[in-house]
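What follows is calculated from the coordinates using simple rules that are stated; it is not laboratory data. Predicted, not measured: the structure shown is a model, and the values here were computed from it. Don't worry about glycine lacking a Cβ; one is built from the backbone with ideal geometry, like all the others, and counts go over all protein chains shown.
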Amino acid sequence: MDILLYNSAHREKELFIPLQEGHVGMYTCGMTVYDYAHIGHGRKYVGDDIVRRVLEHAGYVVKHVQNVTDVGHLVSDEDEGEDKMEKGALKHGKNVWDVAEYFTDHFYSSMDALGVLRPTIVCKATDHIPEQIALIETLVEKGFAYDTAEAVYFDIAKFPAYGSLFGGQNLDDKKIAVREEVQTGSFKKNPADFALWFKRVGHFAQHTMHWPSPWGDGFPGWHIECSAMSMKYLGETFDIHTGGIDHISVHHPNEIAQSEAATGVPFARYWIHHNFLTVDGKKMSKSLGNYYTIEQVMERGYDPMTLRFLYMGAHYRQQLNFTWEALTAAQEGLAHMRLLVVKVLAGVAEGDGANDEKIEESQKEFFAALCDDFNTPRAVGILFSFLKEAAKDPAQYSSEAMRGYITACDAILGVGLEGGIAKSVEVIPEDIQALVIERDVMRARKEWLEADRLRAHLESRGYTVEDTVHGTLAKKL
Ligand code: AMP
Ligand code: ZN
């Protein structure tokens, strides 16, 4: 199955051809673990999860590597200001190591709640200091880096391609950024040069995390960890590198420059950049404080799968503005889809399969949409239209084909189309499941009278009804 993906390195859609047949090496920039993961992160990592699941559906074995930034990321991506981990330690009254551990756990449990598959390899920057030092040594030896009293810097003048990466860097903007926030960088030859190794001097004299190095005690710059760890686990040249669009201007050009300067061969071949989840048009972010965590969303009574469904309603390269109304609409949409699934599966139990080719057709269209630059809104639309039609007359399909299609769709969407209703220890008959989901649809629409009527109906059928974040939980009395 051919996959077309928008390669932001060349700014066009390209046919994906892996380096090694049947295998994909994919590196995803992970989180800086100094504060809570929020639903903006959720959008980005669900986006990566879809990429991975589509590749796996297409038959590839995906080696998915993701880093955890637990050192070296300064408040500005241009290596200026304080260290984010130290800032997090002050804010949360913990030491930096505890902050890192606490927010790494929080990040992965948040992603678990959103159904994001765990990466094949999770690697922490602090566990890979020798690899980063070795890479910096190579850069120094090859003349791409220079040592100063405050840091070892990458010399972008030695890497002429730098200015044209991702369609061109506005180096003048970087000069302005540096002038405005001169806390480090006074030893840089060029304002866009970036730190590979910070020394524990001056501004960073009290820095908590530090290691010995050939250039003195200190800590790595943010960008070098991604080059060192991606190449360690995936090789000097690998298939796919992903990140948020904020990484196009600084972090990813820096990764490319330092990797290719060190190895002399191309770094990642395809670059995927996810657009933001915004609030009132502004990026949802830890620093702006305009964020919600997954727990906060669940506390308001939403199933986390509703968030996943909301994200998939927009293409990953489009901005998506978060509102509670949009989330409620997604909740209703998902409950409706689950209801259709229950109805269709109940109806095909006696089905004759006379029109199974329609299933095949829809399935082809569904996967074609996903293989065309991961077009989730189109794929969800195709599935919705098909289920609405099928629910009118399910008996024309066979149970096997229908169940196969729904299971295959959900292997990628991952929202729990079947049995997405609150889990129960006992098996609930399909007509009761349909009532449960119908009640969730009514609750999402805030049609409380109708929801109450359905509760009474369920109770009269011998079930207790409980409201949970995953929706209605029905249990046999
Ligand atoms: P951070 O830890 O803030 O560097 O974020 C880790 C990843 O999440 C980066 O690739 C960011 O681009 C991405 N990210 C952060 N906030 C958002 C957001 N509001 N929407 C989408 N992606 C985000
Ligand atoms: Zn990175």
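Quick notes on this structure:
- Look at the alpha carbon pairs under 8 Å that are at least 6 residues apart: their mean separation over the length of region 277-356 gives a relative contact order of 31 percent.
- With K and R counted +1 and D and E -1, the other residues having a Cβ less than 15 Å from that of Leu19 yield a net charge of -2.
- Computed over region 69-124: relative contact order in percent, which uses C-alpha pairs under 8 Å that are six or more apart: 23
- Between Asp127 and Glu447, full extension at 0.36 nm per residue minus the direct alpha carbon distance yields a gain of 109.9 nm.
- Distant-in-sequence amide H partners of Cys123 (H built 1.01 Å from N, under 5 Å): Gln66, Asn67, Val68
- Going from the residue with the fewest nearby Cβ atoms within 10 Å to the one with the most, Trp215, Trp324 rank Trp324, Trp215.
- Pairs of Lys residues in region 74-144 are counted when their Cα atoms are under 25 angstrom apart and they lie 8 or more places apart or on different chains; the count is 5.
- At most 16 other Cβ within 10 Å, DSSP loop - trypsin sites (Lys or Arg not before Pro), region 68-157: Lys94, Lys142
- FRET E, pair Thr468, Ser287, Förster distance 51 Å, beta-carbon r, rounded to 0.05: 0.95
- Förster radius 30 Å - calculated FRET efficiency between Trp97 and Lys388 (Cβ-Cβ, nearest 0.05): 0.05
- Percent of beta bridges antiparallel (DSSP, the chain, rounded to nearest 5): 55
- Ala349-Arg118 pseudo-label distance in nm [points 7 Å out on the Cα-to-Cβ vector]: 3.7
- Cα-based convex hull volume of the chain per residue, rounded to whole Å³: 145
- Gyration tensor verdict on region 292-390 (Cα atoms; rounded if a/c is under 1.5, prolate if a/b is larger than b/c, oblate otherwise): oblate
- Spin-label model distance (nm) - Trp211 vs Thr138, 7 Å beyond Cα toward Cβ: 1.6
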